[in-house]
Amino acid sequence: MPKIVDAEARRQEVVQAVFRIIAGDGLERASLREVADEAGLAVGSVRHYFSSSDELLIYSFGVVIDRIAARLEAALASVEEAGPETSEQHHAVLNLLGQFLPLDEELAVDACVWMAFRHAARIKPVLAAEAERSHRTVAAIVGRLIMILSPGETDTQQTLVTEAERLLATMDGLCMHALLQPEWMTAEMCSDVLTAHLRSLRGVPAGS
């Protein structure tokens with residue numbers, strides 16, 4: 001009797017192969033043939049689920065966006081449950097922002113893949129829609145975080161957008177530094193930078 005293959009499970013196997021290739025060798029190597037080899041499948045088997053490399057890349061980009069967004073939403077719920085300006089809230093916020101950073105193996109792969117897709121979208125129009133969704137999804141979560149941390153300072157849309165973009169830029173920079181210079185940009189260093197940034201959001205002078 002032929003073995004029944006779970007289509008969604010097989011798609012996820014293929015996507016994980018894409019992620020491993022991107023994390024190890026870069027997005028340019030993620031062709032159907034290379035992905036099939038990495039997944040231990042025939043090219044025809046991969047084509048059964050993805051008709052082209054573009055379709056595979058778009059789908060894989062969507063998967064990493066959804067994974068990161070789900071972690072951020074769960075972490076934001078913990079921030080919302082914590083009392084304002086408490087140590088519990090501070091730790092919950094650090095946990096949320098840590099979801100952007102390569103602080104463990106899973107987060108490192110997702111961060112690397114997410115960055116690679118976002119950079120590739122600049123020259124690959126097929127990825128543009130997912131890149132836009134990525135930014136809007138993450139920016140909305142960060143905006144909600146800003147409103148929790150600085151409710152009196154974000155009473156205008158422009159101020160909220162500015163602070164959200166400032167925090168997003170900080171996270172992008174930290175993520176890139178941590179990926180490229182892991183010996184220097186350690187988890188402890190990332191925590192120190194984030195703590196300093198959170199103090200500035202709350203209007204606390206540096207060193208106080």
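Tabulated data for the structure shown
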| read-out | value |
| --- | --- |
| Surrounding net charge for Asp66, when Lys and Arg each add one and Asp and Glu each subtract one, Cβ distance under 11 Å | 0 |
| Highest-first arrangement of 41-52, 177-188, where packing means the average Cβ count within 10 Å | 41-52, 177-188 |
| Two-site label geometry, Glu188 and Glu132: point separation in nm, points 7 Å out along Cα→Cβ | 4.5 |
| Under 12 Å, Cβ to Cβ, from Ala178 - net charge with Lys/Arg +1 and Asp/Glu -1 | -4 |
| Protection proxy ranking, peptides 19-31, 56-68, average beta carbon neighbours within 10 Å, highest first | 56-68, 19-31 |
| Relative contact order, percent, the chain [alpha-carbon distance under 8 Å, six or more residues apart] | 17 |
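Laboratory data are not the source of any read-out in this text; all were calculated from the coordinates shown. Bear in mind that the values here come from a model prediction, so they are computed numbers and not experimental data. We place every Cβ from the backbone using ideal geometry, glycine too, and count neighbours over all the protein chains shown.
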